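Read through the structure below, which is laid out as structure tokens, and then see the notes.
The values are calculated or read from the model by the stated rules, or taken from the named source; none is laboratory data. All of these numbers come straight from a predicted model, not from anything done at the bench. Positions of Cβ are backbone-derived with ideal geometry, glycine not excepted, and every protein chain shown enters the neighbour counts. Protein only, heavy atoms only, side chains kept; ligands, DNA and RNA dropped before computing areas. Shrake-Rupley method; radii C 1.70, N 1.55, O 1.52, S 1.80 Å.
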Amino acid sequence: MIRKLIVSLCFLFSTMGIAQAYKAIDTADYFQRKEFLKSFAGNNESTIKRLKSQYSGKTGSALSKIYNEFGTDFEKQVKNKDFIFKSEFETSIQSLIQRLKKNNPQIPQDLKILIARDNTPNAYCLADGTFVINMGLYGWFNNEEQIAAVISHELGHKIQEHSLKSFLKIIEQDKLDKIRVQDIKATTPNRSQSQNQKAFDILKNKVYKRGVERRQQEIQADSLGYIIFKNSNFKKSEFVNALQRLQDFDTISPRELKMETYKKLFNLPKQAFNDKWMKKEDFSLYNYNFYKEKLDKDSLASHPEMSRRIAMLKKTFTELTTLNPSGDPTDSFIALKKTAKMEAIPNYFHAEDYGLGIYITMQFLQDDEEEKYYKRWLGKCFSKIYEARKNYNLNRYLDRVEPKNQSESYQQFLTFMWNLSLDEIKNITDYYQIKES
């Protein structure tokens, strides 16, 4: 749920001009996907063989299982068209990686690029050297140098083999925990409160320890990533500017959807706007503190607070204490940012985030953005909501109201959506699909 609320911020761009006849990214990439899957399967198999020869016994077997399961899951994502091939995004990333390689010989030479249809500003690197870059980076960042900063950070993880080290620690910890559990069973009365508490303590300590290790890895990847970035003659301050943009993404509040927007979009010729759709449930009497959390959220966090990461960089690299504003983007970056914006709703639709797709579409329409284009997507998303409501599985595609975790604007939107009857949803669907077809 929290992920969805944060995602909803990603494409609230400032108003920018864009061609009226937008041409969607071509996803007819069967041949490219087939070739990638063949290459990825071979590389993953080679990685597993190497690890099994390097780590014998149960450790080697456990690593083999981890990489096999990951490979299977990732191949499903590729087959599901979660990534796009041969796009201008890929060309842009390739040029940045070539620039990073120039003065950094430790960077692997066989890196491959995948662009994910994901609106969150994120990236990650696989064991075989495949870099996955979310389209959302172009929607959220100010220029290509900030994207190079994220790539540098991920290269830091790759060079230091953080994923492999993490898996090895998990496997070793699992072995120790099994011994401890057996000891508890042997020395503590069966199913007693003491036994349950000791078992929970094992789980809690494992989770906390993993959080500490991952936060340390993020700090390490920042330091090595900055060195890689600096060696490539990018503007040094853009590395920290990128982290600050990510900090904004974590903390900024969603903009408000105005009442006029609801009335403008849903006061239809054959279905007048109903004020009852906006009536919110009274959550004021709910006692949210009744259940105390057993796990501390700060200890669970896998990433340190962005402010701490920035402070650590400034402490280690004194040249970062004085920063400059973000530099101007190139024309090619501006074009890609516009494409990322236009692909935002199709990406939500592809991910089956239909409720969130409607929410963001309404925000675009509130700003008078590409009215015909976004009204067409409004109809497409509502058609899926109608199918879900009819089949009694709307919870899969539309969040429930959670006052503690959601903005007032998003709560109001969810209230509106859940208050609509099946017939009312169908009327909205029919209106926008016919009118905008």
Selection from segment 68-114 of residues part of a loop (DSSP other than H, G, I, E, B) and in contact with an Asp or Glu (Cβ under 6 Å, 6 or more places away or on another chain) yields Phe85
Within segment 240-250, identify whether any single residue is open to solvent by less than 80 Å² (accessible area, probe 1.4 Å), more than 27 Å from the chain's Cα centre (by Cα) and aliphatic (A, V, I, L, M), and answer yes or no. no
In segment 382-426, residue modelled with the lowest pLDDT [restricted to those that are closer than 21 Å to Lys258 by Cβ, open to solvent by 20 Å² or more (accessible area, probe 1.4 Å) and of a type in the set (A, V, I, L, M, F, W, C)]: Val401
Qualifying positions in segment 386-415 - of a type in the set (A, V, I, L, M, F, W, C) and over 21 Å from the mean Cα position of the chain (by Cα): Ala388, Leu394, Val401, Phe413, Leu414
Here is a check on your reading of the model: is Gln146 of a type in the set (S, T, N, Q), out of contact with any His (no Cβ under 6 Å at 6 or more places or on another chain) and buried (at least 21 other Cβ atoms within 10 Å of the Cβ)? yes
Take the residues of segment 222-239 that are part of a loop (DSSP other than H, G, I, E, B) and open to solvent by less than 40 Å² (accessible area, probe 1.4 Å): which is farthest from Lys101 (Cα to Cα)? Phe234
List the number of the failed condition for Leu168; all other conditions in (1) in contact with a Phe, Trp or Tyr (Cβ under 8 Å, 6 or more places away or on another chain); (2) in a loop (DSSP other than H, G, I, E, B) hold. (2)
Within the set of pairs 6+ apart or on separate chains, which have a first residue in segment 54-79 that is within 17 Å of Asn43 (Cβ to Cβ), a second that is small (Gly, Ala, Ser) and not in a helix (DSSP H, G or I), and C-beta atoms under 8 Å apart? Tyr67/Ala127
Output for segment 99-143, where each listed residue is more than 25 Å from Asp73 (Cβ to Cβ) and either aliphatic (A, V, I, L, M) or open to solvent by less than 10 Å² (accessible area, probe 1.4 Å) (or both): Leu100, Asn104, Ile107, Tyr138, Gly139, Phe141, Asn143
If Glu352 passes every condition in (1) in contact with a Cys (Cβ under 6 Å, 6 or more places away or on another chain); (2) more than 19 Å from Tyr262 (Cβ to Cβ) but one, which one does it miss? (1)
When you look at Ser299, is it small (Gly, Ala, Ser), within 26 Å of the chain's Cα centre (by Cα) and at pLDDT below 90, yes or no? yes
When you scan segment 23-69, how many residues do you find that are open to solvent by less than 90 Å² (accessible area, probe 1.4 Å) and over 23 Å from Asn347 (Cα atoms)? 22
Ala186 - would you say it is open to solvent by 70 Å² or more (accessible area, probe 1.4 Å), modelled with pLDDT under 90 and hydrophobic (A, V, I, L, M, F, W, C)? yes
